[in-house]
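Here is the structure we will look at.
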Amino acid sequence: MITTSGMALVVFVFATILMLVQGLQQTLVQTGFEDNLIVIRRASGSEVQSGIDRYQASIIETDSAVASGSDGERFLAKEMVVLITLPKKGHAGSSNVTLRGVTKKSLELRPQVKLVKGRMPNAGSTEIITGQSLVRRFDGVNIGESIRFGKQDWTVVGAFDAGSTGFNSEIWGDSDQLMQAFRRPVYSSVLFRLRDHDDFDAVKVRLESDPRLTVDIKREARYYEEQSEVMAKFLRILGISITVIFSLGAIIGAMITMYTSVANRIGEIGTLQALGFQRTSILGAFLVEALLLGLAGGITGLVFASLMRFVKISTVNFQTFSELEFGFALSFEIVCMVLAFALIMGFAGGVLPAIRASRMNIVDALRES
């Protein structure tokens, strides 16, 4: 039980790290919509660092690849993204929050975003709406409250739910008003719906090679996936380092347990040899026992790790420098990796004791018994 518990602890740590990385990546990938294309300034790492002037935005808006609705209006939004600092609930500190200037098409371009309370901001007003995640974690973002930034007071008139996406950690307001408040003459990005899903490559080449434009064009889903890469890599390296250290202790514990098992069964080993069992059979028996210990620890650790799916955490994304809330995500791939890791620990802890048991001399084993 002690050996299995030690292995279960290691598996729990390993599984939660993998689930944390998976949850981060899923949150940001689900933030993007596959048929939406995002246009940012060439070589910009994120929207915060980007700048698209009005002339370039108008060129993109008139491109034939932009889809139009039944009313003839184009599915295109020229948005501004900046970071502001807000105080956290129950904490003395504060954190960066993404503030997004949107247009009337922004909500239509993102079907995963639903207004759940209040109303959308009126055009030309100092009104904002907030993501549900922010309402849980920050002060002053409930409907009817005011936030001061850009030398103005902004009134919260609504709240939206974006599910398990990054938009749930954002504040939205009228793009033109926010640009004036922050004295920004350029947009951060242009988002539009692609008329034909298969035209992406042609549209990308045409717009990126246009001498009037200095832009990079990506599918929105791919853009947000890239936003998770640095942080996911850091978490993965940190988690694997911790797991390796813990796993050495678990392997030593399994090895001690198996050596003890061999020592307590010397008579049984001698009897098996006397009955004609081959050394490979004895080796296999002890290895199976060690693998079962590892499997038991793996299943136990995985069961407890699966409960982390109900936990939400928030941290600052290294690439956007804004706070993001996400959860733990368990997948079939993670289950397979975790159980394989547990079996490897069991094998590593049991192989040397199993070899010792199989090499015992029959006379010595029967004498010691």
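The values are calculated or read from the model by the stated rules, or taken from the named source; none is laboratory data. Given the structure is predicted, the values throughout are model-derived calculations rather than measurements. FYI the Cβ positions are ideal-geometry reconstructions off the backbone, even for glycines, and counts take in every protein chain you see.
Take Ile240 and decide whether it is surrounded by fewer than 20 Cβ atoms within 10 Å (Cβ to Cβ), without any contact (Cβ under 8 Å) to a residue 40 or more places away in the chain and farther than 17 Å from Gly51 by Cα.
no
For the range 98-111, indicate whether the set of residues that are farther than 19 Å from Asn36 by Cβ and either at pLDDT 85 or above or outside any strand (DSSP E or B) (or both) is non-empty.
Yes, some residue in the range 98-111 is farther than 19 Å from Asn36 by Cβ and either at pLDDT 85 or above or outside any strand (DSSP E or B) (or both).
Out of curiosity, is Val190 in contact with a strand residue (DSSP E or B) (Cβ under 7 Å, 6 or more places away or on another chain), within 19 Å of Ile52 (Cβ to Cβ) and either part of a helix (DSSP H, G or I) or hydrophobic (A, V, I, L, M, F, W, C) (or both)?
It is true that Val190 is in contact with a strand residue (DSSP E or B) (Cβ under 7 Å, 6 or more places away or on another chain), within 19 Å of Ile52 (Cβ to Cβ) and either part of a helix (DSSP H, G or I) or hydrophobic (A, V, I, L, M, F, W, C) (or both).
Give me the pairs: first residue in the range 324-347 and free of Cβ contacts under 8 Å to residues at least 60 places away in the same chain, second residue of a type outside the set (Lys, Arg), beta-carbon distance under 6 Å, and six or more apart or on different chains, which are they?
From residues that are free of Cβ contacts under 8 Å to residues at least 60 places away in the same chain, the pairs are Leu339/Gly298; Leu343/Leu291; Leu343/Gly294.
What's the total number of residues in the range 77-97 that are in a strand (DSSP E or B), free of Cβ contacts under 8 Å to residues at least 60 places away in the same chain and of a type outside the set (S, T, N, Q)?
2
Go through (1) outside any strand (DSSP E or B); (2) within 24 Å of Arg222 (Cβ to Cβ) for Asn122 and report which single condition fails.
(2) is the only condition that Asn122 fails.
If you go through the range 106-125 one residue at a time, do you hit one that is out of contact with any Leu (no Cβ under 9 Å at 6 or more places or on another chain), more than 18 Å from Ser188 (Cβ to Cβ) and hydroxyl-bearing (Ser, Thr, Tyr)?
For the range 106-125, residues out of contact with any Leu (no Cβ under 9 Å at 6 or more places or on another chain), more than 18 Å from Ser188 (Cβ to Cβ) and hydroxyl-bearing (Ser, Thr, Tyr): present.
How many residues does the range 34-60 contain that are surrounded by 21 or more Cβ atoms within 10 Å (Cβ to Cβ) and among the acidic types (Asp, Glu)?
Final tally of qualifying residues: 1.
Name every residue in the range 125-142 that is farther than 18 Å from Gly90 by Cβ and part of a loop (DSSP other than H, G, I, E, B), in order of residue number.
Ser125, Thr126
Taking into account only those residues within the range 191-229 that are farther than 22 Å from Arg110 by Cβ and β-branched (Val, Ile, Thr), which is surrounded by the most Cβ atoms within 10 Å (Cβ to Cβ)?
My answer is Thr214.
Does the range 43-53 contain any residue that is at pLDDT below 90, in a loop (DSSP other than H, G, I, E, B) and farther than 28 Å from Glu325 by Cβ?
yes
Can you pull out every residue in the range 128-143 that is buried (at least 21 other Cβ atoms within 10 Å of the Cβ) and of a type in the set (Gly, Ala, Ser)?
Gly131, Ser133
If the requirement is being touching a residue at least 24 places away in the same chain (Cβ under 8 Å), assigned to a helix (DSSP H, G or I), over 26 Å from the mean Cα position of the chain (by Cα) and surrounded by 15 or more Cβ atoms within 10 Å (Cβ to Cβ), which of these qualifies: Ala232, Ala296?
Selected residue: Ala296, the only one of Ala232, Ala296 that is touching a residue at least 24 places away in the same chain (Cβ under 8 Å), assigned to a helix (DSSP H, G or I), over 26 Å from the mean Cα position of the chain (by Cα) and surrounded by 15 or more Cβ atoms within 10 Å (Cβ to Cβ).
Give me a count of the residues in the range 161-180 that are modelled with pLDDT of 90 or more and not acidic (Asp, Glu).
8
Can you tell which of Leu302, Leu307, Leu272 is more than 30 Å from the chain's Cα centre (by Cα) and not charged (D, E, K, R)?
Unique residue meeting the criteria: Leu272.
May I ask you to verify whether Arg74 is among the basic types (Lys, Arg) and at pLDDT 90 or above?
Answer is no for this residue.
For Pro185, state whether it is outside any helix (DSSP H, G or I), of a type outside the set (D, E, K, R) and in contact with a helix residue (DSSP H, G or I) (Cβ under 8 Å, 6 or more places away or on another chain).
Taking the combined requirement at face value, the residue satisfies it.
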